[in-house]
Each structure stands twice: as C-alpha cells, then as structure tokens.
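Down below is the structure, laid out as structure tokens.
The values are calculated or read from the model by the stated rules, or taken from the named source; none is laboratory data. Since the structure is predicted, the reported quantities are computational estimates derived from the model, not experimental observations. Please note: Cβ atoms are built from the backbone with ideal geometry, for glycine as well, and neighbour counts cover all protein chains shown.
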Number of protein chains: 2
Amino acid sequence: MATVTELLQPIESDLEHLLKDLRMLIGSGHPILQAAAEHLFSAGGKRIRPGIVLLLSKALSVDGNLSSRHRRLAEITEMIHTASLVHDDVLDDASTRRGVDTVHSRFDHKVAVLAGDFLFAQASWHLANLDNLDVVKLLSRVIMDLAEGEVKQGLYKYDSKQSIETYLEKSYCKTASLIANSAQAVGVLSDISENHLKDLYTFGKQLGLAFQVVDDILDFTSNDEQLGKPAANDLASGYLTAPALYALEENNSLSKLIEREFSSEGDLDHAFNIVRDSNAIPRTRKLAEKFAQRSYEAIKWIPDSPSKDALLLLPDYVLARLY
Amino acid sequence: MATVTELLQPIESDLEHLLKDLRMLIGSGHPILQAAAEHLFSAGGKRIRPGIVLLLSKALSVDGNLSSRHRRLAEITEMIHTASLVHDDVLDDASTRRGVDTVHSRFDHKVAVLAGDFLFAQASWHLANLDNLDVVKLLSRVIMDLAEGEVKQGLYKYDSKQSIETYLEKSYCKTASLIANSAQAVGVLSDISENHLKDLYTFGKQLGLAFQVVDDILDFTSNDEQLGKPAANDLASGYLTAPALYALEENNSLSKLIEREFSSEGDLDHAFNIVRDSNAIPRTRKLAEKFAQRSYEAIKWIPDSPSKDALLLLPDYVLARLY
C-alpha cells in the first residue's frame, strides 16, 4: 500500500510551497501569531485536504499546470480547516492533537481564539478575491457546516437515542463538507460541466465520510501509546460514533452506562467491552468500505494522469489505515 | 439634542424585526446558543450599526421601501459586529460590556467561542447568498480588518512610541471599517454611482472614527458608577488612545509610567493626572469634531427624506455624547 507521501508525490513541491505561503500570510507582523503559524504550518502534517485540492486541480488541468487561483483555493481550504481545529481544541479543552501540543495548550486559549479568527478572516478575504461567486458560496457553506457540526456534536453528547443518520450528518458537517465542497470548487475554477461538478462533490463527500468513519473505528481499535490499549477518547467524552451506535442496537445495556455518563467505577471499560464484543466494528468497517467505493467510482471519468492515479488510490489508502 | 431612539425612529419597526430575525436565526435548535442569542440580541442595545444600514437603505430607496437584500445586509453587519464583540470579550477577559454581563462571563469562554464562530459562519453564508461579489468583498474586508485590529491592539499595548496614525489605523480596523464598508455595500445594492459609493464609504469611515475617538475621550472623562471617577480602563489595560498619545507629546514623563506598565503604586493615578492636566482632551475633541464634520459633508447629496435627516444628525449625536 502506498504511503501518503507517495500518494501526494505529484504535488509534493506545490504542497511545500503552500505551507511556506501560509506561514508568511499568517505570521507576518505579529510575534505570537507567527509562533502559532510556525507551529500550525510546520512540515510533518499530512495536509491531505490541500493535497486533494492540488491533485484534483492538476488532474483537471489541460496542460498539467496549476493556476494561481487553484493554489489559492488549496490554501483557503487549509486555512479553514486549521482555524476550525484550533477553535475545536478550545471547545474540547484538548491539550494534544495527534501527539502534538495544541495552540491552546502551547500558548493559551486567547491566542487560540485570535489565531483561529485571524485564519477564518484571511480565508474569507482570499475567498472573496478569487472573484467567483459560486466558489464563495461553496466555501461559505463549509464554514457554516463546520460551525453546525460543532453545535450538533455538543447537542448529541451522551445521547444514546441518536440515529446513525444524525451521526453521519455530524460527520458530514465536520469532515466531509470541506473535502466535498472544495473538490467541487476546483471543478468550478476549471470550468468543468455541471454533471462532473456533482461527481467531484460526491468524490469528496464519500471520501470524507470514509475518512471520518475510519477515524472513529481507530478510536476503538488502535492502541494508545501510554495506555497500551485503545483510549476510546470519543466514547469517554460522550461522542457516540458508528461503533457505539451499532453496539447500542445489539445490546441495550450500553445505553444505561452512556446515560449516566460513565459515572460509576468501571463503566467506561464495561462500555468499551460491549462495543468490542459486538458486531459493531465489522459493521462500521463495511460502512467505511461502502463510502470508499462510492468515492472511487465518482472520479473514474477524469482523464488519465499520475495525479488521477493518486486520487484513485486515496479511498483505499483511507481504508488501509485500518489494517 | 435628539436621542438615539429618536434618530432611529424612521426605521424603528424594521430594527425590531431584525432583532427578532437574528434571535431566530442563531438560536434555533441549540439551547445554549439560544440563550446566548437571547442575551445578545435582546431589546435595549442601541443597534447603531444596523440602524445606519437601514437608514441609508431607506434614504437611497426610490420608493422609501426596504428590499429583503438591504434588510439582510443590516443583519449581516450586526452578526459580524456581535461575533467580534463576543470573541473580543474572551481576548480581553471582560466580564461586562456597557454594564451587561458578557457571554463569556454569563456562560463560559467555550460558549463564547462557539457563539462567535456560529455568528461569523452565519454571516459569511448569508453574505455569499446576497449574490453580489462586490458586497462579499466589502464585508470580507471588514472581517479581515476586525481580526487585524485585534492583532494591532495586542501588538501596541503599552507601546508609548506608537504614533497617532497607528492608533487611527487600529480604530479604523476595529470600528470604522464595518460602518464604512457596510455603508458602501448599501450603495452597491442600491445601484448608486461610483462617486457616491466613495461618499458613502467616507461617511461611514469618518463617522466610525468620530465614534471611536469620542469613546476614547469618555474613558478619561465619564465617571465610573462604582469608582465615582473615570475608570481610564483603556489606559489601565495598556491601550493607548488619542488622549494618552497627545499627552505623551507634551509630557514625556508619562512614557516611563507606561513602559513599566503602571507597576508602581500610584502610577496609574499619576498617568491619569498627566493626561487630564495636559491639553490632550481638548485636542482629541477637535479630532473628533473634524471626523464628524467630514462625515456630515459626505452625504449632503442624498435626496431629502426623514431618513436622510436622521443620518445628518448622527455626527452631531456622536459628539453630543461628550457634553
């Protein structure tokens, strides 16, 4: 299976360029924001979102070159994504994200609020100056979905009555909307036909959902370095994802533990075991596979190129994180 | 002198309607956001910003009626303004604003971050759906200016070397940009000629600057209810406004007190007395009068109507707060 670095190889130097631009754009003129920008846009992150935008842009370009507007769109998606992460970390009181200190814990919650606002503001300014109302609408929908996703997530905390549809709507808002709408925006900037714009949206939406569902499985299956066992962070925080919701369908005793917010000794371990001993993880994996397959199918029409090849490998790459 | 209620009389019912809409728009579906929305958009606030947008819209309308897009623009300006206030209060750790609890202190900083993000997101979504790229650009510039103003404010804290121009740039970003750009946006939606668009921008810019300068004077002259004397909150927080900057030109001993951040007993009182005993307040008042006059001059061309009369009284109303 290809690594993410191999997948992003066709646009590797473009992505480096983008990160350099972002550090300059955000950091200029303010020492603390600069430190936050270095921290946020340093090398090492996977940058899968701007990577997808750049790969699509290249795959849809007649001469294989990237226009400045396509590059700017990739920057905007990364700004919006990063801004929402920085604020989410404040809302979740998270001290690390994928093993790296959050802005909120490295600096303080005020720097995190300011840095997030500054990123959103830059994003909306650069977005307006792409001079394309359709692209403005697509990306402002993303900003709206991210805020609604955060609201939904808070609203359904510890709610064992929520449906799998509610969970998927929240996942769409928080993860898939950005990939779906920015993929479609690439198509708008590349003057693609209306039908294929929908395909690009579908590719991004299904890929984003697959990605989120896989993430939610990993929360139950991958070992936390310190704990030596899965952390089940989502479950512990009351965020009920597909594995927990499927397990609830099989074993209703789980709902009692959730509704008392795991307040008794051993509740969380007990809940975790119910999920693990049920059919929930295999069912969730099937769900992820369905999304990945739909994502793959949606872009087969793109003309052959190394960038297209990389895009077609992405759905499998997302699933491969499970093995 | 007219009260603000009298000034806003031509659009009184429109403004009530707008607040009702905003409460619905923000609060729907989330109990805590709803409580925050009730708190933020309850009756009683002056709502001078959407008031200006509505008055201008009415004054520039051929039949004196407001279009739904003009109303929506007024809502967007109030959303952006409120979002930035809510986040500023987090950054400033403010527990009250004009005597009312901040969202941040009534609820907590997480609700404030979420409510602000949600408002910004709603604003950018409704903005895109006004379907006018020029308006999108004007208002996204405002969002950018607000973030830059906040950055500048932090950057120049306790900096006694800053110029009056730096102070005015910050005041433009934090206060005048919203009024200037939304006034121009009214003109765009009303199909006003290019020249007059600039006049509308000037009207808003100069009015906003007058407003901010007057606010900064009041911080030195109006008595705090509890203290029984001016609180000089800005000075105490290290935010150097026109009165402090003019006083610095006259009496350099003030700079020592500022640079040690008023850390010795009596420093703040001493600094306050230096400002009061200098010519700084009268000079600052002259500055406010200059801005107010320019604001007045910029819209004399608007056809006569009760809304125009109200707009022409606004610069004087801003100054009258000083007497």
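Annotation note: of A:80, A:76, the sole residue that is modelled with pLDDT of 95 or more, within 24 Å of residue A:237 (Cβ to Cβ), surrounded by 23 or more Cβ atoms within 10 Å (Cβ to Cβ) and within 14 Å of chain B (Cβ to nearest Cβ) is A:80. Residue B:58 meets the stated requirement of being buried (at least 17 other Cβ atoms within 10 Å of the Cβ), in a helix (DSSP H, G or I) and of a type in the set (Lys, Arg).
Residues of region B:272-288 include at least one that is closer than 20 Å to residue B:52 by Cβ, in contact (Cβ under 8 Å) with a residue 40 or more places away in the chain and surrounded by 17 or more Cβ atoms within 10 Å (Cβ to Cβ).
Of the residues examined, residue A:33 is one that is within 14 Å of chain B (Cβ to nearest Cβ), over 20 Å from the mean Cα position of the chain (by Cα) and surrounded by 14 or more Cβ atoms within 10 Å (Cβ to Cβ). Taken together, A:195, A:181 contain a single residue that is touching a residue at least 40 places away in the same chain (Cβ under 8 Å) and either in a helix (DSSP H, G or I) or hydrophobic (A, V, I, L, M, F, W, C) (or both), which is A:181. Criterion applied to B:220, B:211 was being among the aromatic types (Phe, Trp, Tyr) and under 24 Å from residue B:273 (Cβ atoms), and the one residue passing it is B:220. Note on region A:36-55: residues that are surrounded by 16 or more Cβ atoms within 10 Å (Cβ to Cβ), hydrophobic (A, V, I, L, M, F, W, C) and farther than 17 Å from residue A:183 by Cβ amount to 4. Take the conditions modelled with pLDDT under 95 and over 16 Å from the mean Cα position of the chain (by Cα) and apply them to residue B:197. Does it pass? Criteria not met by residue B:197.
Taking the conditions exactly as written (out of contact with any helix residue (DSSP H, G or I) (no Cβ under 9 Å at 6 or more places or on another chain), farther than 23 Å from residue B:233 by Cβ and of a type in the set (A, V, I, L, M, F, W, C)), does residue B:111 satisfy them or not? I'd like the intermediate steps shown before the answer.
Working: out of contact with any helix residue (DSSP H, G or I) (no Cβ under 9 Å at 6 or more places or on another chain): no; farther than 23 Å from residue B:233 by Cβ: yes; of a type in the set (A, V, I, L, M, F, W, C): yes.
Considered against the rule, which asks whether it is out of contact with any helix residue (DSSP H, G or I) (no Cβ under 9 Å at 6 or more places or on another chain), farther than 23 Å from residue B:233 by Cβ and of a type in the set (A, V, I, L, M, F, W, C), residue B:111 comes out as no.
Residues of region A:179-188 being small (Gly, Ala, Ser) and more than 14 Å from every other protein chain (Cβ to nearest Cβ), which ones? The answer is A:180, A:182, A:183, A:187. Looking at the structure I just gave you, is residue A:157 out of contact with any strand residue (DSSP E or B) (no Cβ under 9 Å at 6 or more places or on another chain), surrounded by fewer than 22 Cβ atoms within 10 Å (Cβ to Cβ) and among the basic types (Lys, Arg)? Considered against the rule, which asks whether it is out of contact with any strand residue (DSSP E or B) (no Cβ under 9 Å at 6 or more places or on another chain), surrounded by fewer than 22 Cβ atoms within 10 Å (Cβ to Cβ) and among the basic types (Lys, Arg), residue A:157 comes out as yes.
When region B:146-178 is filtered for residues that are more than 8 Å from chain A (Cβ to nearest Cβ), more than 20 Å from residue B:49 (Cβ to Cβ) and small (Gly, Ala, Ser), the ones remaining, listed by number, are B:160, B:163.
Among the residues of region A:233-254, just one is closer than 19 Å to residue A:290 by Cα and outside any helix (DSSP H, G or I), namely A:241. Taking region B:115-145 as the range and being at the interface with chain A (Cβ under 7 Å from one of its Cβ atoms) and either within 24 Å of residue B:169 (Cβ to Cβ) or under 17 Å from the mean Cα position of the chain (by Cα) (or both) as the test, the residues that pass are B:120, B:136, B:137, B:140, B:141, B:143, B:144. The single condition among (1) more than 14 Å from every other protein chain (Cβ to nearest Cβ); (2) touching a Phe, Trp or Tyr at 6+ places or on another chain (Cβ under 8 Å) that residue A:68 does not satisfy is (2). Counting the residues of region A:11-36 that are within 29 Å of residue A:311 (Cβ to Cβ) and hydrophobic (A, V, I, L, M, F, W, C) gives 8.
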